[in-house]
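I have placed the structure first, in the form of structure tokens, so that the comments after it can refer back to it.
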Amino acid sequence: MDYFGRDQLKELFQIDEAPAVSIYMETHRRGPDVAAQPLRLRAAIDEARGILTVDGVDGVDDVLSPLEALIGDREFWRHQADGLALFASRDFGRLYRLPVHMPNMVVVGPTFHTKPLIEFLQAPERFWVLSLTQKEVRMWEGTVTDLAPVDLAAVPTSLQAALGTEVVTDRLNLRSPRGSGSAPIFHGHGAGKDDTKQELEKFFRAVDAGVHDLLADEIGPIVLAAVDYYHPIYRSVSKLENLADEGIVGNISGWDGGRIHAAAWPIARKSVERKLDVALDLWESSYGRGKTESDLAVIARLAVAGRIRLLLAERGRTVWGRIDRNMGDIEVIREGGADPHGSAVDLLDELAEVTIQHGGRALVLEGERMPTDTGLAAVLR
């Protein structure tokens, strides 16, 4: 599985010269559908080629050849997840194997189509599990179905690594006496309780800072997994806005992925639902103060001016048109249907991108949860 986060999304935003080819596919890890996946990619590439040819684009092979090379790459197809996102332009190409199902679509335009990835980053299906012990710090990225380990290159992976000094074995070991509700007992080599707590606080601050940088601007919940005594200490020093209110109590080092997921998913689900509720509450309170907008043309002008704090977009809805990213003027071609090609873009997708580029947030919601019937709802700064 390939890591996809805020930095990767912003990289895709930087490509604003046609042609930009975006291909999304639902993929399978196993089963009878696996063998057909290269053929489905071939069909998607052929569709993109047809669009580029009709539009009279030069150098089509230069854009599509890197994608075509994947069709016969057996090793590539052996390591799939639930969704595949491919992006190709002149001198640029990226692919991401993702742990959620992607819609099957091909979009060719002046910019990449990223709304499915915006939804991936901010939808309820995405969360993280942070496991803390003295000897090991681990993290997993989770979805509704499974977990995948996350590379913690920039995060201290042990107390010794965080403090930069030799930690005496067992110095920070804790145990709880028999009986429920009993306070943890320290034991070790002369360390007092206050000294031990201070070292834990330093350790947790270092871990927290690394996780904060790694998951900057992500809104998915982070579920803490640690022995009971660690939870209040970590929460007292943490700067993570999306640390879930509940956590997993216990050392999960010996747990398999299925057991971790079963314990974390109910916590993550509650946390994300609260986040969406907060977003809708913000809309309601802002609406009463005249700080909202639902008209597409007005939102476009506000977006390019950096005036949007939060943009809610309706899942599965498209409005094809053109936009001047400098002035915010738009031309609507039609709502729904297939990509009309040429310089047309999905305006809902573009406005979500512009909002994020100017420091705002964008969320994709089901139609029944949208507070407007236009496909967009903006909370203004």
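The values are calculated or read from the model by the stated rules, or taken from the named source; none is laboratory data. Small disclaimer: the values here were computed from a predicted structure and weren't measured. Ideal geometry is used to build each Cβ from the backbone, glycine not excepted, and the neighbour counts take in all protein chains shown.
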TODO: Take the stretch 7-36 and flag every residue that is surrounded by fewer than 18 Cβ atoms within 10 Å (Cβ to Cβ) and either in contact with a helix residue (DSSP H, G or I) (Cβ under 7 Å, 6 or more places away or on another chain) or β-branched (Val, Ile, Thr) (or both).
DONE: Phe13, His28, Val34
Open item on the list: On the basis of being among the aromatic types (Phe, Trp, Tyr), modelled with pLDDT under 90 and either closer than 30 Å to Tyr230 by Cα or not in a loop (DSSP other than H, G, I, E, B) (or both), does Phe76 make the cut?
Closed with: no
Open item on the list: For the stretch 218-243, give me the residue count where each residue is within 21 Å of the chain's Cα centre (by Cα) and in contact (Cβ under 8 Å) with a residue 40 or more places away in the chain.
Closed with: 8
Task: Subset of the stretch 53-84 [in contact with a strand residue (DSSP E or B) (Cβ under 6 Å, 6 or more places away or on another chain) and either of a type in the set (A, V, I, L, M) or within 19 Å of Ala344 (Cα to Cα) (or both)] - done: Val63, Leu67, Ala81, Leu84
- [ ] Go through the stretch 316-331 residue by residue and tally those that are surrounded by fewer than 17 Cβ atoms within 10 Å (Cβ to Cβ) and touching a Leu at 6+ places or on another chain (Cβ under 7 Å).
- [x] 0
Open item on the list: Need pairs with beta-carbon distance below 6 Å; first residue on the phi < 0 side of the Ramachandran plot and of a type in the set (A, V, I, L, M) and within the stretch 325-353, second surrounded by fewer than 19 Cβ atoms within 10 Å (Cβ to Cβ) and modelled with pLDDT of 90 or more; sequence gap 6+ or separate chains.
Closed with: Ile330/Ala297; Ala344/Ile333
TODO: Report, by residue number, each residue of the stretch 1-47 that is under 20 Å from Ala362 (Cβ atoms), of a type outside the set (Asp, Glu) and modelled with pLDDT of 85 or more.
DONE: Gln8, Leu9, Lys10, Leu12, Phe13, Gln14, Ile15, Ala20, Ser22, Tyr24
TODO: Mind listing just one residue for me: the one in the stretch 46-73 that is of a type in the set (A, V, I, L, M, F, W, C) and not in a helix (DSSP H, G or I) and, of those, farthest from Tyr3 (Cα to Cα)?
DONE: Val57
Task: All positions within the stretch 193-235 that are under 18 Å from Pro156 (Cβ atoms) and among the small types (Gly, Ala, Ser) - done: Ala206, Ala209, Gly210, Ala216, Ala225, Ala226
